[in-house]
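Participant: One structure, as structure tokens, below. Some questions next.
The values are calculated or read from the model by the stated rules, or taken from the named source; none is laboratory data. This is a predicted model, so every value here is computed, not measured. Virtual Cβ from ideal backbone geometry, glycine too; neighbours counted across all protein chains shown.
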Amino acid sequence: MTSRSKAPIQESLAAVQDADGPEPERLQPLDVPGALKISDLAALMDVGPVEVIKEFMRNGYMLTINEVVEHSIASIVTPAFGFGVLPLAEKEGSSSGPVDDDEEDADLLESRPPVVTILGHVDHGKTTLLDTIRQTNVVDTEAGKITQHIGAYQVDFDGNPITFVDTPGHAAFTAMRARGAQVTDIAVLVVAADDGIMPQTIEAIAHARAAGVPIVIAINKIDQPNADQERVKRQLSEQDLLIEEWGGDVVAVPVSALHGDGVTDLLENLLVVAEVGDLKANPNRDGKGVVVEARTDKRRGVVATVLVQSGTLSLGDNIVVGEFRGRVRAMFDDKANSVKEAGPSYPVEVLGLDGLPDAGNNFVVAPDEKTARRMVEANERENALRTVGPTLEDVHSRIESGKAKALNLIMKTDVQGTIEAVRGSLQQLNSEETRVTMIHASSGGITESDILLAAASEAIVVGFNSRPEPGAQALANQQGVEIRFYDVIYHLIDDVEMALEGLLEPVYEDVLEGHATVRAVFSISRRGRVAGISINDGTVARDSTVHVLRGGEKVFAGTISSLKHFKDDVRELAAGFEGGLALNGFDDFREGDILEAHGSQRTR
């Protein structure tokens with residue numbers, strides 16, 4: 001994207017007139033979105049992309065065919081081809097997009113049912129609890145009696161509807177938020193009385209807090225002989241969740257999901273929390289909401305479970321979900337009954353989309369098919385312009401500009417004892433202007449769940465003697481999440497302090513490029529021992545720094561002296577390929593060693 005100052009359409013037309021080009025009044029109006037590729041701009045004008053690139057060059061822009069330009073930059077070159085770009089505010093249909101409820105007239109808003117998400121550790125009874133509430137037997141249909149999908153259901157309690165979202169874990173819950181979808185009004189944290197708080201429970205607490213929703217505790221399995229509710233309450237207080245019984249503001253309800261004890265009390269408390277939240281939406285407008293899950297059915301095509309968050313979704317509506325669109329051919333509730341319309345907080349299965357959207361994608365209703373097609377094109381271009389998340393270098397400027405209120409961190413350490421030492425040191429850096437917030441902290445490797453939480457919370461992941469698990473680094477690259485690695489606590493504290501003060505200079509940081517496994521070891525007289533490797537993920541390049549990991553411990557780090565594919569010297573090996581590798585200063589390879597390829601990348 002170029003940094004040249006934006007030129008209004010009037011200046012572009014005047015410049016063309018001065019150059020004896022087409023008269024301004026004879027320019028054809030051209031509807032250009034906020035951003036688009038050079039190739040798309042050429043297609044709109046029905047000219048060759050090479051000609052468009054040449055025109056950009058004449059105006060001082062060195063661009064490629066797949067580069068994305070903003071609306072104002074496109075308006076500079078279009079007059080040369082006889083087109084005048086319409087200002088964004090005057091484009092047809094520009095006001096047809098969704099209107100946020102907080103922008104609507106308060107008189108149009110009506111009370112809506114609460115949307116509740118069930119979170120907690122595996123096998124603590126999340127789905128069994130929902131099963132009891134629904135008075136159905138969902139859990140027996142799941143493989144291994146563990147939830148394998150996301151489902152949304154609505155129940156009626158004393159004439160009050162409540163919508164439940166049952167997830168396979170907090171990672172799926174946060175994946176929705178990472179895509180911009182705030183689905184839940186209330187989070188129910190299920191904790192087994194005979195098991196207590198587990199690592200996944202702590203992660204679920206962090207994810208619910210990051211979502212900024214009220215937490216209600218369901219202390220489950222109180223019927224078990226070794227149940228200890230007091231221990232659970234004590235463990236909750238250690239996680240800063242002080243229940244009402246102990247003078248706090250967190251609702252905790254003892255239940256037995258298996259026998260139904262306490263479930264009525266839980267539902268009553270959910271309605272009380274919802275009443276305090278004063279949940280409202282405008283049902284008398286075009287529907288919008290979020291995709292909860294989607295699948296392909298052999299007979300019915302794409303089937304998407306959606307949750308309407310505002311407005312009303314009706315049969316025949318033109319629906320847009322990200323880069324997909326369609327006409328609502330049929331809708332069904334959670335009991336497979338056909339419905340004609342769905343209002344706020346109502347979950348339905350929708351048929352008619354032309355592609356399979358991701359869970360967490362937002363949907364909107366378009367007024368007509370032409371507008372729906374234009375919205376899909378705009379979404380595609382917006383995805384091409386998607387920016388990366390925050391970095392430690394730009395924290396100060398983000399806080400000063402109001403884009404961020406604090407530096408959000410997710411901390412993963414090698415041992416649990418390190419967490420409190422780091423937390424205490426970071427808290428001393430807080431001031432009236434800047435603040436460090438620890439979204440989540442635990443010991444162990446950096447997981448995909450940590451990356452999703454960081455993406456949803458605009459946080460930076462810090463690994464203190466902790467490395468990413470397989471797939472986590474790739475997901476971080478995809479989501480634009482920065483991971484920082486430290487092994488000295490003072491280096492971490494100094495970097496954070498300088499970031500808050502705006503003094504942290506850009507540096508070249510370590511980037512994990514790929515993993516390989518040593519499959520065989522060969523002795524070569526000239527080089528000593530070399531490793532026969534297969535690339536697991538990413539790439540291993542000739543200029544990479546290779547870390548040799550054995551049993552999870554780093555035994556060596558050094559540069560590559562030789563990299564081959566069969567007998568050919570190569571610059572890099574990609575995932576799925578095999579080759580031979582020799583390192584400078586190390587030849588004690590063993591079968592099963594994991595090789596991490598690292599490179600350096602300037603942060604800005």
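Participant: Check Val291, Val306, Val263 and return the single one that is over 30 Å from Asn408 (Cα atoms), surrounded by 14 or more Cβ atoms within 10 Å (Cβ to Cβ), in contact with a Phe, Trp or Tyr (Cβ under 7 Å, 6 or more places away or on another chain) and β-branched (Val, Ile, Thr). Reasoning before the result, please.
Facilitator: Values: Val291 fails: over 30 Å from Asn408 (Cα atoms); Val263 fails: in contact with a Phe, Trp or Tyr (Cβ under 7 Å, 6 or more places away or on another chain).
Exactly one of Val291, Val306, Val263 is over 30 Å from Asn408 (Cα atoms), surrounded by 14 or more Cβ atoms within 10 Å (Cβ to Cβ), in contact with a Phe, Trp or Tyr (Cβ under 7 Å, 6 or more places away or on another chain) and β-branched (Val, Ile, Thr), namely Val306.
Participant: Next up: List the residue pairs whose Cβ atoms are under 7 Å apart, where the first residue sits in the range 317-337 and is in contact (Cβ under 8 Å) with a residue 12 or more places away in the chain, the second is assigned to a loop (DSSP other than H, G, I, E, B) and among the polar types (S, T, N, Q), and the two are 6 or more positions apart or on different chains.
Facilitator: Listed pairs, sorted by first residue: Val321/Asn361; Gly322/Asn361.
Participant: Another one. Taking the range 332-360 only, how many residues are buried (at least 21 other Cβ atoms within 10 Å of the Cβ) and among the polar types (S, T, N, Q)?
Facilitator: Final tally of qualifying residues: 1.
Participant: Identify all residues within the range 152-188 that are at pLDDT 60 or above and aromatic (Phe, Trp, Tyr); write none if there are none.
Facilitator: Within the range 152-188, Tyr153, Phe157, Phe164 qualify.
Participant: Among the numbered conditions (1) assigned to a loop (DSSP other than H, G, I, E, B); (2) in contact with a strand residue (DSSP E or B) (Cβ under 9 Å, 6 or more places away or on another chain); (3) surrounded by fewer than 21 Cβ atoms within 10 Å (Cβ to Cβ), tell me where Arg299 comes up short.
Facilitator: Failing condition for Arg299: (2).
Participant: Scanning for something in a strand (DSSP E or B) and at pLDDT below 75, does the range 54-68 turn up at least one residue?
Facilitator: yes
Participant: Right, something else. Kindly establish whether Val232 is of a type in the set (A, V, I, L, M), under 28 Å from the mean Cα position of the chain (by Cα), crowded, with 23+ Cβ neighbours inside 10 Å and not in a loop (DSSP other than H, G, I, E, B).
Facilitator: no
Participant: Condition check: over 25 Å from Pro470 (Cβ atoms) and modelled with pLDDT under 80. Does Ala404 satisfy that?
Facilitator: yes
Participant: Can you spot a residue in the range 325-333 that is modelled with pLDDT under 90 and farther than 30 Å from Leu30 by Cβ?
Facilitator: Scanning the range 325-333 turns up at least one residue that is modelled with pLDDT under 90 and farther than 30 Å from Leu30 by Cβ.
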